[in-house]
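Contents: one structure, followed by commentary.
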Amino acid sequence: MAATIKKRQLGREVSIVGAGMSQFGAFKGKTSRDLFVEAFQDMNEHLDQGVDVEDIECGYIGNYSSDLFEGQGHTAPIMADWLGMTPAPVTRIENACASSGSAMREGIMAIASGLYDIVLVGGVEKMTDLPTEGVTDVLASAADGLYEVPAGLTFPGIYGALAKAHMDRFETNLSHLLKVGIKNHNNGALNPKAQFNTTIRGMMERRIARSEQRGEPVPDWKDEMDFLNDPSANPWIAWPLRLYDCAPITDGAACVLLVASEIADSFTDKPVQVVGTGQATGRPLHDAEELTSLSAAKYAAAQAYQMAGIGPQDIQVAEVHDCFTIAEIIATEDLGFFAPGEGPHAVDQGRTALNGDRPINTSGGLKAKGHPVGASGVAQIIEVFHQLRGEAGDRQLPNSNLEVGLAHNVGGTGGTCVVNILRRS
Amino acid sequence: MADDSRAFNAASFYEYLKEGQLMGVHCRACDKLSAEPRSMCPSCHSRDVEWHRFSGQGQLGTFTCISVVPDVMARQGYGRNNPYCSGIVMLEEGPRISAKILGVDAANPQDIPTGMALAADFDEVDPEAPALAFRPV
């Protein structure tokens, strides 16, 4: 890496005291504001002492493109109005799929600066009003509209090119990609908030049952790999990526309450402290430092590790930005969990599974939990928060000494990356 | 060689493309090349840049074959049953650039070799929506 990483520290300690999210899925008739209110109510119902909306001093809300998805700009004041939060200042943060990871950093810095003690950070996206082609065009607008899009590159297309480069340079193959999806759906099956609260085998069995009911020819898939290798079940999107390599199109919202650590105990007995935060930018893939990694992720991670005074070996649970299966493999390498080229082998060996030594995306990740782009960054924080507090239900990691977790949120194809590290207080 | 009165921007890039030239910029201060015209060098931040004509020769760095296509490609007949190839081309002068890859079988991507020699194809530049394309030499 070219740039040296300066060690930075927050002006004062910041903690997360509450977290909530809407159901993730496709909800006809629900708009961003409905989803955001749902997330806020979920947070407040689970916040040990609750919070009076009047006490929230400020808000940062990640949202990629309500303008294009819903025809609604200037999103943040509408969210504030629907929470009854006016006149407290709220600001929309847009950094593509890293919008709410970036909002999280703004909230952290607002408290660390001493300006505010109680800040709401959230994210929201309502995507399913548009047909798939429309969503493809909106997501492509996160790429370089002058030099990438005219070349025919779509958002899955650029990740497909990254995947091909990774396959050329290392031993990565199509099965490794599919196994990331199987693993994340196994986790998502244990997450009641997930858009796909089912395993890939479960989806396969449902399709077989439906064919039987309708008296149609019954597919003879032997197992989920067989299912995923059938182009009629898992069509190509942008070779080498297929449908089940891509995160879905999702409606959803998520929010957390950040407070100055010195007042955290008036909200909860179990605050989770922000001990490291980093953010960096990167260039389009054709100008990237390498074709097999996202440099912004490496810089953001280095900043966050420096601030926390720890390294990748100390991270016990991580949510990483698996907008595509290859993105998870590259993320685990960029974050230093595995050496370059080792990511696919770690998936093969089950090391990133719920019972592995490096559990990744216990929530189901963007792949199974769903990817309402502007909400995903905060939803990742929420999973780490729940895991560290022992509140992750059926997907709770067995490690009773769970203390440190990380969230890695990417915008576009690495134009933005935010890494936050949390520690149980 | 180049008309230095043109602005260093995308409009000029695509104007040159329609004229059959792949034009980027050379930084006189640090000697770096950029395939995308810019008025400020991203490496040394100098504004002392000049037009540089690229040969149009390069290698296929990486690529994808796209089946779920944007509207603009659907209007050209591409789609689930007719994917197209896009990739990253490593120009022989050093910089990389994104481009359409023509003359390959996008339905059989496993047979498309990365590293193969490519040359810019100016013949099929659509005057309404100019885009950079390469094909195998």
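The values are calculated or read from the model by the stated rules, or taken from the named source; none is laboratory data. Keep in mind the model is a prediction, meaning the values are calculated, not measured. Every residue, glycine among them, receives a Cβ derived from its backbone with ideal geometry; neighbour counts consider all protein chains shown.
Within the stretch B:56-73, the set of residues being at the interface with chain A (Cβ under 7 Å from one of its Cβ atoms) and of a type in the set (A, V, I, L, M) comprises B:Ile66, B:Val68, B:Met73. The lone criterion from (1) touching a helix residue (DSSP H, G or I) at 6+ places or on another chain (Cβ under 8 Å); (2) hydrophobic (A, V, I, L, M, F, W, C); (3) within 21 Å of A:Pro271 (Cα to Cα) left unmet by A:Leu47 is number (1). Restricted to strands (runs of 3 or more DSSP E) entirely inside the stretch B:78-137, those with at least 1 residues that are at the interface with chain A (Cβ under 10 Å from one of its Cβ atoms) and at pLDDT 95 or above are B:84-91, B:96-101, B:133-136.
Let me confirm something: among A:Ala308, A:Ala297, which residue is under 30 Å from B:Gly87 (Cα atoms) and surrounded by 20 or more Cβ atoms within 10 Å (Cβ to Cβ)? Even if it seems obvious, please write down each step before you answer.
On the way: A:Ala308 fails: under 30 Å from B:Gly87 (Cα atoms).
Going through A:Ala308, A:Ala297 in turn, the sole match is A:Ala297.
Residue check: is B:Phe13 part of a helix (DSSP H, G or I), within 13 Å of chain A (Cβ to nearest Cβ), at pLDDT 95 or above and buried (at least 17 other Cβ atoms within 10 Å of the Cβ)? Spelling it out, B:Phe13 is indeed part of a helix (DSSP H, G or I), within 13 Å of chain A (Cβ to nearest Cβ), at pLDDT 95 or above and buried (at least 17 other Cβ atoms within 10 Å of the Cβ). Within the stretch B:84-113, restricting attention to residues that are surrounded by fewer than 18 Cβ atoms within 10 Å (Cβ to Cβ) and among the polar types (S, T, N, Q), the residue that is nearest to B:Glu19 (Cα to Cα) is B:Asn108.
Tell me which helices (runs of 4 or more DSSP H) are completely within the stretch A:299-400 and hold 1 or more residues being over 13 Å from the mean Cα position of the chain (by Cα), or say none if there are none.
Result: A:325-334, A:343-348, A:376-389.
Among the residues of the stretch A:238-265, count how many are under 30 Å from A:Glu13 (Cα atoms) and surrounded by fewer than 24 Cβ atoms within 10 Å (Cβ to Cβ). The total comes to 6. Picking from residues in the stretch B:1-43 that are without any contact (Cβ under 8 Å) to a residue 40 or more places away in the chain and basic (Lys, Arg), the one that is nearest to A:Glu148 (Cα to Cα) is B:Arg38.
Yes or no: the stretch B:44-52 includes at least one residue that is in a strand (DSSP E or B), surrounded by 14 or more Cβ atoms within 10 Å (Cβ to Cβ) and at the interface with another protein chain (Cβ under 8 Å from one of its Cβ atoms). Break it down into steps so the answer makes sense when it comes.
Let us first name the residues in the stretch B:44-52 that are in a strand (DSSP E or B), namely B:49-52.
Narrowing further to those that are surrounded by 14 or more Cβ atoms within 10 Å (Cβ to Cβ): B:49, B:51-52.
Adding the requirement that they be at the interface with another protein chain (Cβ under 8 Å from one of its Cβ atoms) leaves none.
No: zero hits.
When the stretch A:382-425 is filtered for residues that are surrounded by fewer than 24 Cβ atoms within 10 Å (Cβ to Cβ) and on the phi > 0 side of the Ramachandran plot, the ones remaining, listed by number, are A:Gly390, A:Gly393.
Does B:Ala7 meet the test of being farther than 25 Å from B:Leu118 by Cβ and among the aliphatic types (A, V, I, L, M)?
Details: farther than 25 Å from B:Leu118 by Cβ: yes; among the aliphatic types (A, V, I, L, M): yes.
So B:Ala7 passes the test.
Quick check: is even one residue across the stretch A:266-282 surrounded by 20 or more Cβ atoms within 10 Å (Cβ to Cβ), in a helix (DSSP H, G or I) and either out of contact with any strand residue (DSSP E or B) (no Cβ under 7 Å at 6 or more places or on another chain) or not hydrophobic (A, V, I, L, M, F, W, C) (or both)? No, that holds for no residue.
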